[in-house]
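First up is the structure itself, then whatever we jot down about it.
The values are calculated or read from the model by the stated rules, or taken from the named source; none is laboratory data. Predicted model only: the values in this text are computed from it and were never measured. Backbone-built Cβ (ideal geometry, glycine too); neighbour counts: all protein chains shown.
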Amino acid sequence: MKQLAKGILYGLAFFLPGFYLLSHGSLPDVLPYVAQLADLPVVTRLTDKYRTEINLTAADFVNGLQRFLQQEPSDKTVSDFKNTSSWTWQRAEIEAVLNQKLGKRQQHRRRQFLDYIQQYAPLALAEMSQHRIPASVTLAQGILETSAGNSYIARAARNHFGIKCYRTKDFNRDGRIDRTDFYPHSLAYDCLQIADDNTWDHFQVYQTVAQSYRHHSLLLAQERRYNWMVGQYSGRIGKDCTVEGSWFGSATVPYYAAWCIGLKKSGYATSKTYAQKLTYLIETYELWRFDYQLILSM
């Protein structure tokens, strides 16, 4: 009898997920989604830890958020955020949790992600203080767009956000697409051809990574395509936001997930799982702690 009961339980364990996948979409559509997320050293689950942490400093957080929203752009620089001992984000604690949750799977890559966070968090915090783009979102994009600083575009062009060059007015007028059909932003100094959506795509080349981070902030804060998120979500740091339930199976998600969904909906990237990848990076590596650090320092 016990063996029969076990057989039924095992059967349900395999049948129910398969039935769900087949009833909600074809298997070929689902498999790439699963594979893309499995490629990242992340935990694919949303938690409410970002909310429970606020309870420890409720009054200070509320007051800090009000000052953050009311103030003029801060004059703080990268050096103001380099004191890692004052960070609410503690690498050793995060790493210990990941070692327990993920074991040895992609341990080397996890360390690369942690190295990237530690190196570029001051830049992300400085940009947040100036342009109200959450440092958590900026860092997650930097990790994903550059494979934690190891991609060719990051090494050759110091471009950490996949920002492309602009097309000239004479683009493709002679029937050929080459370097003369593109020009860089004022923060960049050249364009580099790297096959992406098209073989002839050209990307911004910067003198420093800081210029790449600044261009990313300007893009999200000033371009109409993206800047609606600043108005809609900047005041929601630490809170839930309402979105379509199709993204994470719930109509309410953490503020940073709403930002990630907004980036995907605004066309920042073509990957179908872009919003999920960014959100799970923020969740797994607790990047929201950097947003809280800035708010509490106000």
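Please enumerate the residues belonging to region 280-298 that are among the acidic types (Asp, Glu), more than 12 Å from TYR255 (Cβ to Cβ) and more than 11 Å from the chain's Cα centre (by Cα).
If we filter region 280-298 for residues that are among the acidic types (Asp, Glu), which is where we start, we get 283, 286, 291.
Within this subset, residues satisfying the condition of being more than 12 Å from TYR255 (Cβ to Cβ) are 283, 286.
If the condition is that a residue be among the acidic types (Asp, Glu), more than 12 Å from TYR255 (Cβ to Cβ) and more than 11 Å from the chain's Cα centre (by Cα), then GLU286 is the only one that fits.
Could you check, for region 164-180, whether at least one of its residues is in contact (Cβ under 8 Å) with a residue 24 or more places away in the chain and not hydroxyl-bearing (Ser, Thr, Tyr)?
Filtering region 164-180 for residues in contact (Cβ under 8 Å) with a residue 24 or more places away in the chain gives 164-165.
Adding the requirement that they be not hydroxyl-bearing (Ser, Thr, Tyr) leaves 164-165.
Yes, that holds for at least one residue.
Results for (1) more than 27 Å from HIS215 (Cβ to Cβ); (2) out of contact with any helix residue (DSSP H, G or I) (no Cβ under 7 Å at 6 or more places or on another chain), shown as yes or no for each residue.
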residue: ALA96; (1), (2): yes, yes
residue: ARG109; (1), (2): no, yes
residue: LEU114; (1), (2): no, no
residue: ALA126; (1), (2): no, no
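Given the criteria surrounded by fewer than 22 Cβ atoms within 10 Å (Cβ to Cβ), in contact (Cβ under 8 Å) with a residue 60 or more places away in the chain and under 26 Å from GLN293 (Cβ atoms), does LEU218 qualify?
Values: surrounded by fewer than 22 Cβ atoms within 10 Å (Cβ to Cβ): yes; in contact (Cβ under 8 Å) with a residue 60 or more places away in the chain: yes; under 26 Å from GLN293 (Cβ atoms): yes.
Here the answer is yes, as LEU218 does meet what is asked.
Between a first residue in region 198-210 that is within 23 Å of ASP181 (Cβ to Cβ) and a second residue that is acidic (Asp, Glu) and surrounded by 18 or more Cβ atoms within 10 Å (Cβ to Cβ), which pairs have beta carbons less than 9 Å apart while being 6 or more apart in sequence or on different chains?
Taking only residues 6 or more apart or on different chains, the pairs are TRP200/ASP181; HIS202/ASP181.
Of everything in region 213-260 that's among the aliphatic types (A, V, I, L, M) and touching an Asp or Glu at 6+ places or on another chain (Cβ under 8 Å), which residue is nearest to ILE163 (Cα to Cα)?
Restricting attention to region 213-260, the residues satisfying the condition of being among the aliphatic types (A, V, I, L, M) are 218-221, 229-230, 237, 243, 251, 253, 257-258.
So of that shortlist, the ones also touching an Asp or Glu at 6+ places or on another chain (Cβ under 8 Å) come out as 237, 251, 253.
Values: ILE237: 26, ALA251: 31, VAL253: 27 Å.
The qualifying residue nearest to ILE163 (Cα to Cα) is ILE237.
Identify, by number, the condition in (1) assigned to a helix (DSSP H, G or I); (2) under 23 Å from the mean Cα position of the chain (by Cα); (3) at pLDDT 85 or above; (4) surrounded by 11 or more Cβ atoms within 10 Å (Cβ to Cβ) that GLY64 doesn't meet.
The failed condition is (2).
Which members of region 224-271 meet the condition of being among the acidic types (Asp, Glu) and either closer than 18 Å to ALA140 by Cα or touching a Ser or Thr at 6+ places or on another chain (Cβ under 8 Å) (or both)?
Quick first cut of region 224-271, residues among the acidic types (Asp, Glu) only: 240, 244.
The answer is ASP240, and nothing else.
Is there a residue in region 44-55 that is in contact with a strand residue (DSSP E or B) (Cβ under 8 Å, 6 or more places away or on another chain), among the hydrophobic types (A, V, I, L, M, F, W, C) and modelled with pLDDT of 90 or more?
Within region 44-55, one or more residues are in contact with a strand residue (DSSP E or B) (Cβ under 8 Å, 6 or more places away or on another chain), among the hydrophobic types (A, V, I, L, M, F, W, C) and modelled with pLDDT of 90 or more.
Inside region 101-183, counting only helices (runs of 4 or more DSSP H) that do not spill past its ends, which hold 2 or more residues that are under 17 Å from the mean Cα position of the chain (by Cα)? Write out each step before concluding.
Details: elements: 107-131, 135-146, 152-157.
Because the criterion is at least 2 residues that are under 17 Å from the mean Cα position of the chain (by Cα), the helices (runs of 4 or more DSSP H) in region 101-183 that meet it are 107-131, 135-146.
Quickly run through region 235-252 and pick out the residues that are aliphatic (A, V, I, L, M) and surrounded by fewer than 23 Cβ atoms within 10 Å (Cβ to Cβ).
Of all residues in region 235-252, those aliphatic (A, V, I, L, M) come to 237, 243, 251.
Of everything in region 235-252, those that are aliphatic (A, V, I, L, M) and surrounded by fewer than 23 Cβ atoms within 10 Å (Cβ to Cβ) turn out to be VAL243, ALA251.
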